[in-house]
Amino acid sequence: HREIRYDAVYQFSQPELLGLRRHLTELPPVVLHPQVHAAGELRWHRNESVLSAGLEPAWKRATVRAVLTARAAIQRRDLALAAGIVAASELHAGLLVADSRAEQGRLHVVPNPIDLTFFAPRPAARAPGPHAPVQPVQRIVFVSRLSVRKGVEMVAELSRRLSDLRGAVSIEIVGFPTGWSDYSGLIKTLDPMIVTHAGQLSGPDLLHRYQSADLCVVPSHYEPFGLTAAESLACGTPVVASDAVGAVENLDATCCVRFAAGDAAGLEAAVRCMLTRMRINPSGVRADARKQAVARFDPRLAGRRLAQIIRQVTRAGS
């Protein structure tokens, strides 16, 4: 910056300023663009204490709690120093105000972009032959870390609640635990007649799961955005998501049914509702999912909005 004058510092993903903090008086305005915040993670690490106690050792839970507590305090301080803050959703912006005392005037919302060329509906399938099943199995996919606040226990409960649909519905879990939070022990509580665990997938394998599913469930308790919801919609696959998922806010209900976070009965009702829609009008639902994903998650829209915010912050700081 001393040699070439920059107009702004843009930091993506991590809200801690780290080494930048001691140079703030020498630097241009700083714009932070966090994807999650430690106070939100900490809240659900505490809320799920009883659940995690049966899955993880006490030393690990205590260590993670201490790290999240420290990071929440550091982030609260550093977010207050930023000239601008970009949140991934209106939901995330509200949480940042509540948890970090960030002023509304410094907050901006830019939904995350999706690669709409890669995440796209599969080519139209040929008409079924004479021996095709009259009513094929409807496929539900859950793509997530098997960790705190992702609603893994909600999927386990859902599998039991859908026991009357064995043979007509399947649930595939795609994902692995993280080093700091491991809920993989919940896999054994799932109904094995309905659920399979594919493990960690990426690239074409993950794309195929999105494209071939009848719906994607995102039952998170805290999800500032939720890339899996956006990627699924971009593939033309509808979503059932909790009202704690930022990516689905303001979406039309045709391709996304929302339920109150933590409400197992609400999740079941939403899934049954979407499965019915997909039996009646699958092409219409898929077309609407893709249309809304293009309108909301186009990288060009995100890029223009982000550039506008940085220019606005730069002008205010000059």
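For (1) under 19 Å from Val36 (Cα atoms); (2) more than 17 Å from the chain's Cα centre (by Cα); (3) open to solvent by less than 10 Å² (accessible area, probe 1.4 Å), each residue gets a yes or a no:
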| position | (1), (2), (3) |
| --- | --- |
| Val141 | no, no, yes |
| Ser163 | no, yes, no |
| Ile173 | no, no, yes |
| Asp182 | yes, yes, no |
Qualifying residues in region 241-277 (those that are more than 12 Å from the chain's Cα centre (by Cα) and among the β-branched types (Val, Ile, Thr)) - the one least open to solvent (accessible area, probe 1.4 Å) = Val271
Answer yes or no: is there a residue in region 279-289 that is part of a helix (DSSP H, G or I), open to solvent by 20 Å² or more (accessible area, probe 1.4 Å) and of a type in the set (Val, Ile, Thr).
-> yes
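Every residue, every condition in (1) within 16 Å of Ile310 (Cβ to Cβ); (2) crowded, with 19+ Cβ neighbours inside 10 Å; (3) of a type in the set (Ser, Thr, Tyr), yes or no:
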{"residue": "Tyr6", "(1), (2), (3)": "yes, no, yes"}
{"residue": "Leu24", "(1), (2), (3)": "no, no, no"}
{"residue": "Arg61", "(1), (2), (3)": "no, yes, no"}
{"residue": "Ala66", "(1), (2), (3)": "no, no, no"}
{"residue": "Ala70", "(1), (2), (3)": "no, no, no"}
{"residue": "Gly84", "(1), (2), (3)": "yes, yes, no"}
{"residue": "Ser89", "(1), (2), (3)": "no, yes, yes"}
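The values are calculated or read from the model by the stated rules, or taken from the named source; none is laboratory data. Computed from a predicted structure; not experimentally measured. No Cβ is skipped: glycine too gets one built from the backbone with ideal geometry, and neighbour counts run over all protein chains shown. The accessibility values were calculated without ligands, DNA or RNA, using every heavy atom of the protein model including side chains. Shrake-Rupley method; radii C 1.70, N 1.55, O 1.52, S 1.80 Å.
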